[in-house]
Amino acid sequence: MRNVKRLFLGFVAAIACALTVIAEEPSQAQLTKQAKITKSQAEQIALAQVPHGKIQSAEIENEKGRLIWSFDIAKPHVKEITEIQVDAKTGRIISTQVESARDQAREAAADKKK
């Protein structure tokens, strides 16, 4: 009976921790309200770095303590995706990274686990 109580209490504690983490993650709308650079402005900044590029996906997120707009940009006839991160408060480019199809698959798998 003691083991059952311990398992139950452990289970309850795990659920409480999970709910706390979920409750602490701000939504895209909440993050957008914190941004000084609009999504449209950030898109223009990002697209200027990738001639003839087209945005495939966009999101705002807190990464390493910084509020950023993140864009995956594709170019015609090119398999790689260029990921551009723009600081949502200053408009400065934080990161530019070219991702292969393999890199993209790994990132998608990691996102599904979250």
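Each reported figure results from applying straightforward, stated rules to the coordinates on display, with no laboratory input. Values in this document were obtained by computation on a predicted structure and should not be read as measured data. Here the Cβ is made from the backbone with ideal geometry for all residues, glycine too, and neighbour counts use every protein chain on show.
Starting from residues that are β-branched (Val, Ile, Thr) and crowded, with 16+ Cβ neighbours inside 10 Å, keep the ones in segment 41-72 and report whichever is nearest to residue 111 (Cα to Cα).
Filtering segment 41-72 for residues that are β-branched (Val, Ile, Thr) and crowded, with 16+ Cβ neighbours inside 10 Å, the one nearest to residue 111 (Cα to Cα) comes out as 60.
Name the single residue that is surrounded by the most Cβ atoms within 10 Å (Cβ to Cβ) among those in segment 73-111 being part of a loop (DSSP other than H, G, I, E, B) and touching a helix residue (DSSP H, G or I) at 6+ places or on another chain (Cβ under 9 Å).
88
Is it true that some residue in segment 68-85 is within 21 Å of residue 99 (Cβ to Cβ), free of Cβ contacts under 8 Å to residues at least 12 places away in the same chain and not aromatic (Phe, Trp, Tyr)?
Checked segment 68-85: at least one residue is within 21 Å of residue 99 (Cβ to Cβ), free of Cβ contacts under 8 Å to residues at least 12 places away in the same chain and not aromatic (Phe, Trp, Tyr).
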